[in-house]
1. What number do you get for segment 193-250 when its Cα radius of gyration is normalised by 2.2 N^0.38 Å, N = residues?
2. Could you grab the relative contact order for segment 5-249? Cα pairs under 8 Å, six or more apart, rounded to a whole percent.
3. Under the rule of -39500 (n - 2.57) per DSSP H run of 4 or more residues, summed and divided by the residues of the chain, what mean residue ellipticity at 222 nm is obtained, to the nearest 500 deg cm²/dmol?
4. Compute the distance from the alpha-carbon center of segment 111-183 to that of segment 25-58, in whole Å.
5. Taking 1 over the mean of 1/r across every pair of different Cα atoms in segment 132-250, what Kirkwood radius in Å do you get?
6. With label points built 7 Å along Cα→Cβ from the Cα atoms of residue 31 and residue 224, find their separation and express it in nm.
7. Multiplying the sequence separation of residue 113 and residue 214 by 0.36 nm and subtracting their Cα-Cα distance, what value in nm do you get?
8. Quick one: length gained pulling residue 20 to residue 166 fully straight, 0.36 nm per residue minus the C-alpha distance?
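Here, each number is a calculation from the coordinates, and none is a lab measurement. Treat the numbers as computed from the prediction; the structure is a model and nothing was measured. When we count neighbours, we look across all protein chains shown, and the Cβ atoms used for this are built from the backbone with ideal geometry, even at glycine.
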């Protein structure tokens, strides 16, 4: 890829709802089909060299560091939300001029071609930010993408902050973004914890950029299956079944 690109993977979560089996591991190290969740995400980003992928670790971060020694890491402590996690990575990318892909370490089903499609659309459209979206009828606890009258991006409403009407929106934000670097850092300075969780949401960054007159795009490269993340034991089993099925189809 001719354009400069680096990635930030959010991998600081404890995975509280995955701890019912007595396994003491950070969420991204829980295994599906014999491999850590994070390894699938890194495989999807294999078009980037390891030195260009920064892991934001937190809970038992030393275990993540030991499992994936070839990647730069930064620590998020305390954990104050997705926006704060990306802020923690700023020092590791200081001086970088290009595009920054932000993605989640607990979404193992997203394919390399989807990440590449997100980047390609972002660069082709000259956007300040492009976010990954997908349509599903599954009751996933993801933010809803609200569009304006012309069909363009307007805002993202987190699931826990949705009105009953907003909960009916089936176009969901997967939590994967590409930002032009300088615009990302500028947008992060504007984040405020004015929400139900009292956290700094990365979802507020594209909204702020749009209000500044910047271009924000939505990439629909994610399928309903691809967007399934792992938040509890049942989702871990579901993801594992899909991975095994895909391997059998290959």
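1. 1.67
2. Numbers: 473 pairs, mean separation 59.6, N = 245.
Computed over segment 5-249, the figure is 24 percent.
3. Value at 222 nm, helices only, nearest 500: -8000 deg cm²/dmol.
4. Each part's Cα centre sits 22 Å from the other's.
5. Final number for the Kirkwood radius of segment 132-250 is 15.8 Å.
6. According to this spin-label approximation, the distance is 3.2 nm.
7. 33.7 nm
8. 49.4 nm
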